[in-house]
Each structure stands twice: as structure tokens, then as C-alpha cells.
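K.L.:
Below is one structure. I have some questions about it.
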Amino acid sequence: MDENHFVFMVSSHSAMKHLIRIRTFLKPYFWQISASLLMLLAITGLGLVVPGIIRSVIDDGLARGETGYLVRSALLLLGLGLASAILNLGNRYLSEWIASHVGYDLRNKMYDHIQYLPFTYHDHAQSGQLISRCIEDVRSIERFAGSSVTELVRFVILAVGVLVIMLADNARLAVIALLPILPLALMTSSFGTKIGKLFFAVDQAIGEVSNRLQENVVGVQVVRAFARENYEIKRFDTANRRVFTTWVHVIDEWSKIMPTTNWLIAVSTILILWFGGQMVIDGTLTVGAIVAFNAYVLMLAEPAQSLTGLVNAGGEAAAGAQRVFEVLDTHPEIHSPKNAIRLDTLRGEVEFRNVNLKYQNERTASLENISVQVKPNQLVALIGPTGSGKTSFVNLIPRFYDVSEGEVYVDGYNVRKVDLVTLRRQIGIVLQTSLLFSDTIKANIAYGRPDATMEEVIAAAKAAQAHEFIEGFTSGYDTVVGERGVTLSGGQRQRVAIARALLMDPRILILDDSTSSVDTQTEKLIQAALDNLMEGRTTFVIAHRLSTVRRADMILVLDKGRIVERGTHEELLKLGGLYTEIHDLQLVDHVKFAEEMDELQPIEETKPDEGSHALS
């Protein structure tokens, strides 16, 4: 056995193993499944009775010329057909009901699980692939759990019933008639082994298409700005062609087995007519018996022909199950421990003890040997070059990531030992890029406190200097913002995000360069509001603007993951180190720029008059 074949067998076995695991989602519907199986048994039993009635009609009714027997048989067949139709209707409804509930439960399970996956998972996962797994892969499982499983069970029950009846009636003719079915079973088994791997490739390709589409929709402004429409069209076409190619492989395998199935059923019918006909001539078999035998084989023909389709659906579902359980089997690395400490109202003390942080798949540490103690109500500013570890530092406080070494304490409690919900509910965060949901402005502000009153929402908006522009909309606070808040300007989104954090009244406030997207005037208004709101809480600010940094009780200067300087604005300027360099190169430039703008303003105001005078 070569290496490729071995990998292929392992992959197929893994896919089927994951498909079998779907049974855990079927357990809540035991009684519905039992009722469906009973209906299937009844339907199959009614179907198996029909060839026997036809045989009796031919051998007894027609041979003896009993018209009454024919009428009774016809009425009996009509009754059986009606009963079978009603049972089929009930079974189809019940099987699809079960499948829909399995899909519903599985999608909820996936979505719930994704909510608790660590940031390290989302740092590397493609959102398009996750969307594809939640929708397309779950849908393939749902389809298989419905009609496909029903048809497969029906075929198995029918095959067993036909085999028993045919062997009991005439074992010799039964063996002859069923000989072509053996290669059909072997071919179907081989096809099922191949198809699982092919469908896994299809699902991966569909996930890539979903990811391309999602990235393009999110980044549409960048695409248009750089006139890269043709490039993105080609990228999408490449991913889409991969879906087409992998589907062609599936169709190619399916097209090979489908005609063979029809041919083998035809061979079985010919064998029955040939050998059964000889037995009729010899007087060892009746005409009714040969007709019944042929009817039994034809009963197997339809499900046998659709068997490849069922295996096809099973392979698709197995591949989908493998991709779904790859997500569900990823256990959240960061979670509340057993007997976690539930935090009451925090005082706001934060301490880092010899903290090191190294992200997954990174060679160098993002933070090294960080030790710092922040007292309640202090304002701490973090400054440093890009990639120095500022955001990594604040992400450890709400435990978005776990330290590689050392400990982080809040009010003397190790954050690894406390309940995450009670910890994070007391930490307000405003990120550098504010994300708003496609909902009303009110719902976005009250996201952290859905029970907040309208008065509290308005108060938070006023504090964030957002109330005025919100009232400017026709629907006010009921205005629905677009996806990711794109219908608002950058400054408006940032102020809504600040209001969202302020409404929580957090004991610890984290502002990750939260005023970077607002103009100077708006920043002054927000800063004035924050001056009052920072009282009584510990605040961490990642900022580059002089007005924010110079007011801090403690400034931490980070470089390459280390705290290289710490102190107040005046203390650090006296050191003449990295802070002074950053101050001179970046912060002073902002002041000079503002001064230059102030000097230019009077000149600009006189230009219209000068122009008017010249025209006169």
C-alpha cells in the first residue's frame, strides 16, 4: 500500500467516524425516530405483500377464472396503496422534522462554541471558512439526516425482506437473481470510500469562495480606492474554478457507477426470466412465482439505483461532519476554572508579575519580564513604537490571552482563577477600530447593558459627545447603522463606542488609541468628558497625543516587548531617553502643526475680501 492510498484511507475513516458522531444530536429525538422507523417497517411490509398478491392473482384468480377473487385482490391492492401513501406522507414529514431540528441544534452548537473560542483561534481562522462550516456543512448533514437516512434504512429493510422471501420461496432462483447484486454492493462500498475525500475537498473549496467573498465585501472601499476590481475578480474566479474542478471529480466518479447499476439490475431481470422460464417449462415453478420474483427484483431496482446518490449524500455529510467537528473539538483554552472566584465591585488595582507573552507560531515574545503595579484610580498611559506590545499589555487584563509566564492580578486575584464574566463586565474597552453592529444606535450603546434605561443611554452619549449628532438623525437613537457601522463617520463610530464603554460604568477602563479617529475639536470635547469619567476608576490609555500622555499618573514606555522607561511626563523628559525621542519626533509635531494651522487661519479668512477687491 503506497503512502497516498494510506492517507486516503485514514482520511475516509476519519470522515465516517465524524459522521457517526452525529448520533449525539439525534438522542433528544428518540421517540420521533422510533415512530419514523415503525412507519418505515410498515411501509416496507406493505410493499413486500404486493408481489405475493399479484402471484396469487395470476396462479389462482386468472387460472381459475374467478372474477370475484380478482375484484377482492384489486380492492386489497388499492387499500394497501392508500395506507402506504399515508404512511409515506407521515414518515417524510417526521424525517424532515427531525433533520431540521438536528440542523437547528447543530448550528446553535457551532455558534455557541465559536463565541467561546480563544482569540488565538480567531487570529488564524478564516471567517469565510467558519461561515461555510456553519451554513453549508451543517446543511449537508441536515440533508443526509433527513431523506437520505430514511431512504438508506428503507433500502436495508427492503433488501433483507426481499432476500428472506425469495430464499424461502425458491432458494436456487433467488441465488441466481441476486448474483449481480454482489458486485453492485462492492462497487457502492468502493464509491463511498472515495466520495468522502472528494467532498471534503469540495467543502474546503466552497469555504475558500466564502472567504474571498467575505473579504471583498468587508474591504470594498480599499478595492475601489486602489482600482483592484479586476484583480479581485480573478482571485474569486480562481477559488470558484477550484469548486468547479472538485465538483467535476465527484460527478466523474458518480457517472461511472450509475450506468453500471442500471445494467446489473437488467442482468438480474434477464437471469430470472431465463432460468425461471426454464423452471416454468419444466413445471417446477408457476408463472405467478416468476412474475413475483421479477417484481421483488424490480422493487430493489429503484432504491439500488438511488443507492449511489445516497452514498453521495453520505460522503458529502461525512466531509461536512469532519469540518464541523474540527471546530467543535477545538476546546477554549481560556475559560473560567472550576470553583472560579466571582468578583464583586472591583477597586481597580492591577498588577503584572514577571509577565512574558509569546503568541502561537511566533518566534519572539511580544512581552518580556513585565512587572508593574497600578493603584486604583490611576491613569496609566502606554507609549512606544508600533509592535512594542502596548495592545498585548492591555489584552492580558481582561484575559483575552493567557500569559506564557508570570501572573496578572486584579485586586489581588489571579485573573486565571476568577470568573471571566464577572471580570470582563467590570472592564470597559474602546478599541482603536470601533466595531458597531447592524442595529440601532441605542442597541449599540446598550450592548454591554441591555437593561439600561433610555435616560442612561442618553447620559452616556452626552458624556461621549455623541448626543448632538445622534439627535441630528431623523430617527434619533432608533437610527439603524449599517454593517460594522459604515453609515457613520469614523469619529461618530468612535464616540458611540466610547458611550458603549461608559454606560457599563467600568471600574477599569481601557482606551486603545480611542481618539485617533476624531478631529482635534471632538477630541477636546471627549477628553473633557473623560476627565470626569476617569475619576473613581483605573484607566489604561494607549495614545500618541501629548494632551493624553502628559496628564497620566504613570507613563509606561515599551520597546520590543519590554518596559524601558516608566514615570511621569516631566520625569521621563529629564531622562532624555526613548520617551524624549518619541516626544520630539511625534508629539511636538502635533503641537507645531496646530500652531501653523492657527497662523494660517487669519490669512485664509482675508482671501475672499482680497479676491473681491481685485475683482472690483
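The values are calculated or read from the model by the stated rules, or taken from the named source; none is laboratory data. For clarity, every value in this text was computed on a predicted model and none was experimentally measured. Heads up, the Cβs are rebuilt from the backbone with ideal geometry, glycines too, and the neighbour counts pull from every protein chain shown.
K.L.:
Take residues that are under 30 Å from Gln32 (Cβ atoms), modelled with pLDDT of 80 or more and assigned by TED's automatic domain parsing to the domain that holds Ala292 and tell me which of the helices (runs of 4 or more DSSP H) falling wholly in region 97-205 contain 2 or more.
P.N.:
Filter on region 97-205 gives 138-143, 149-169.
K.L.:
Would you check if there is a residue in region 364-375 being more than 22 Å from Gly536 (Cβ to Cβ), touching a Phe, Trp or Tyr at 6+ places or on another chain (Cβ under 9 Å) and not aliphatic (A, V, I, L, M)?
P.N.:
yes
K.L.:
Here are some residues: Val410, Val355. Which one is at pLDDT 90 or above, crowded, with 21+ Cβ neighbours inside 10 Å and closer than 21 Å to Arg425 by Cα?
P.N.:
Selected residue: Val410, the only one of Val410, Val355 that is at pLDDT 90 or above, crowded, with 21+ Cβ neighbours inside 10 Å and closer than 21 Å to Arg425 by Cα.
K.L.:
On to the next question. Can you go through Ala460, Ala552, Ala499, Ala452 and tell me which one is modelled with pLDDT of 85 or more, in contact with a strand residue (DSSP E or B) (Cβ under 6 Å, 6 or more places away or on another chain) and of a type in the set (Gly, Ala, Ser)?
P.N.:
Checking each option against the conditions leaves just Ala552.
K.L.:
Only one of Phe400, Phe393 is part of a helix (DSSP H, G or I) and in the same structural domain as Arg566 (by TED's automatic domain parsing); which?
P.N.:
That would be Phe393, the only listed residue that is part of a helix (DSSP H, G or I) and in the same structural domain as Arg566 (by TED's automatic domain parsing).
K.L.:
Let me ask something else. Would you point out the residue of region 329-343, among those that are more than 27 Å from the chain's Cα centre (by Cα) and in a loop (DSSP other than H, G, I, E, B), that is surrounded by the fewest Cβ atoms within 10 Å (Cβ to Cβ)?
P.N.:
Lys338
K.L.:
Test Ala466 against the stated conditions and say whether it is buried (at least 19 other Cβ atoms within 10 Å of the Cβ) and either closer than 26 Å to Ile397 by Cα or touching a strand residue (DSSP E or B) at 6+ places or on another chain (Cβ under 6 Å) (or both).
P.N.:
no
K.L.:
Hey, among Glu66, Glu3, which residue is of a type outside the set (Val, Ile, Thr), at pLDDT below 85 and not assigned by TED's automatic domain parsing to the domain that holds Thr150?
P.N.:
Glu3 is the lone residue from the list that is of a type outside the set (Val, Ile, Thr), at pLDDT below 85 and not assigned by TED's automatic domain parsing to the domain that holds Thr150.
K.L.:
Can you confirm whether Arg495 is outside any strand (DSSP E or B), touching a helix residue (DSSP H, G or I) at 6+ places or on another chain (Cβ under 8 Å) and surrounded by fewer than 22 Cβ atoms within 10 Å (Cβ to Cβ)?
P.N.:
Against the criterion (outside any strand (DSSP E or B), touching a helix residue (DSSP H, G or I) at 6+ places or on another chain (Cβ under 8 Å) and surrounded by fewer than 22 Cβ atoms within 10 Å (Cβ to Cβ)), Arg495 does not qualify.
K.L.:
Only one of Glu456, Glu368, Glu362 is part of a helix (DSSP H, G or I) and either touching a residue at least 60 places away in the same chain (Cβ under 8 Å) or in the same structural domain as Ala543 (by TED's automatic domain parsing) (or both); which?
P.N.:
Glu456
K.L.:
List the number of the failed condition for Leu346; all other conditions in (1) in a loop (DSSP other than H, G, I, E, B); (2) modelled with pLDDT of 85 or more; (3) farther than 13 Å from Tyr413 by Cα hold.
P.N.:
(3)
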